[in-house]
Amino acid sequence: MDDEPRDIPEERSFDPAAKALEQSNQFRVHAEIAAVFEGVRKWEAQLRPGLDVDIARQVQRAVAKLEKAKPADSPVIPIEAANDAADVLNLFREKELSTNDYHIHRRPGEVMIVRWLEGDEVEAFYERLQAHFDAALGSYRAEERSATEWKNDPKITKYLEILDAMDVKMPERYLREPIRKHGIFVLSTQTADELDILYLTEHVMAIPPADLVGRASTPPDEPTEQDRAWFYKLFLLRGQREGVEQMCFFTFLQKTDDSSW
């Protein structure tokens, strides 16, 4: 999960359609991280440490149960688990917690973050998700054309044509219309074994790392890759209540154990 440029493979192993799909998926991952976590610098969201551990664990258990309940090849929650999904989306009301803000429970080496969105906040999320994806794709198109078009290689030409024709509608990828039309609940996840915590805090959120992970878990002034590496899993639950769209993001962060290096 880095921003380093990626060279196009040699012709022998280069499939233009597969490479374009790979790039699209990478842009989607980065767009998702940005849209979920940029609230502090874009939407006046607040960091709210001190989330009760019982609430944090309740959400963690609930989304894990929903993940197990859904089919392996679909993000749609089965009807028999719909009430459980609705309970998670509405938990902020029961516990009198704010939407938009980042509710944080942390201990050394571990952080859980819960964020709810509702109504116009969901609309803003989709707008930002699309904007991030489009910006990444547009920049990459220009860079690849400048760097490779002169080679006049048929596969590179085809690759550039596929990039130019690519028109990904992020709300469609996230099943927004079926959620609104049919009242379904949808859960998708994103996992990274080694997320750079400074990328998340300083680049995406524009906050000191201590504000998110706590002073005890903050990387040193000259951190190694190991110091910066955290396991990361994000659950994105979507649905609606009485015609109003809802989202709940649950994030689990854990410092990568030294023994894994």
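Using only Cα atoms and rounding to the nearest 10 degrees, what angle (0 to 90) does helix 154-165 make with the longest principal axis of the chain?
Around 40 degrees separate the two axes.
Once you list every other residue whose beta carbon is under 15 Å from the beta carbon of Ala131, what net charge do they have if Lys and Arg are +1 and Asp and Glu are -1?
0
Please identify the GluC sites (Glu not before Pro) of region 35-110 that satisfy two criteria: DSSP loop assignment and at most 12 other Cβ atoms within 10 Å. Which are they? It would help to have the intermediate numbers written out before the result.
Numbers: sites: Glu38, Glu44, Glu67, Glu80, Glu94, Glu96, Glu110; in loops: Glu38, Glu44, Glu96.
Sites meeting the loop and neighbour criteria: Glu44, Glu96.
Determine ³J(HN,Hα), in whole Hz, for all residues of region 46-58 in sequence, where each value follows from phi through the Karplus function 6.51 cos²θ - 1.76 cosθ + 1.60 and θ = phi - 60°; x replaces Gly and Pro.
With the stated coefficients, region 46-58 comes to 10, 7, 10, x, x, 4, 4, 4, 5, 5, 4, 5, 4 Hz.
Can you tell me the orientation of helix 16-37 relative to the chain, as the angle in degrees between its alpha-carbon axis and the longest Cα principal axis, to the nearest 10?
Once rounded, one gets 30 degrees.
Could you tell me which of Leu236, Ala85, Trp116 has its Cα farthest along the dipole of region 13-260 towards the positive end, charges placed at Cβ (Lys, Arg +1; Asp, Glu -1), taken about the Cα centre?
Looking along the dipole axis, the top candidate is Ala85.
So what J values fall out for region 247-252 if you push phi through Karplus, 6.51 cos²θ - 1.76 cosθ + 1.60 with θ = phi - 60°, rounded to Hz, Gly and Pro as x?
Coupling constants for region 247-252: 9, 9, 10, 10, 10, 10 Hz.
What are the lysines whose alpha-carbon lies under 19 Å from the alpha-carbon of Lys68, with same-chain residues fewer than 8 places away excluded?
Within the straight-line limit of under 19 Å, Lys68 reaches these lysines: Lys233.
Please give the charge dipole size of the chain, origin at the Cα centre, charges +1 on K and R Cβ atoms and -1 on D and E Cβ atoms. Round to the nearest 20 debye. Each step should come with its number before you reach the end.
Values: 34 positive and 50 negative charges, 160 e Å.
About 760 debye.
Determine the shape class of region 13-260: with a ≥ b ≥ c the square roots of the Cα gyration tensor eigenvalues, call it rounded for a/c under 1.5, and otherwise prolate if a/b is greater than b/c, oblate otherwise. Before the final figure, lay out each step's value.
Numbers: a/c = 1.94, a/b = 1.27, b/c = 1.52.
Because a/c hits 1.5 or more and a/b fails to exceed b/c, region 13-260 counts as oblate.
No lab work stands behind these numbers, since they all come straight from the coordinates. Bear in mind the structure is a predicted one, so any value in this text is a computation, not a measurement. With ideal geometry, Cβ positions are generated from the backbone for all residues, glycine too; neighbour counts draw on all protein chains shown.
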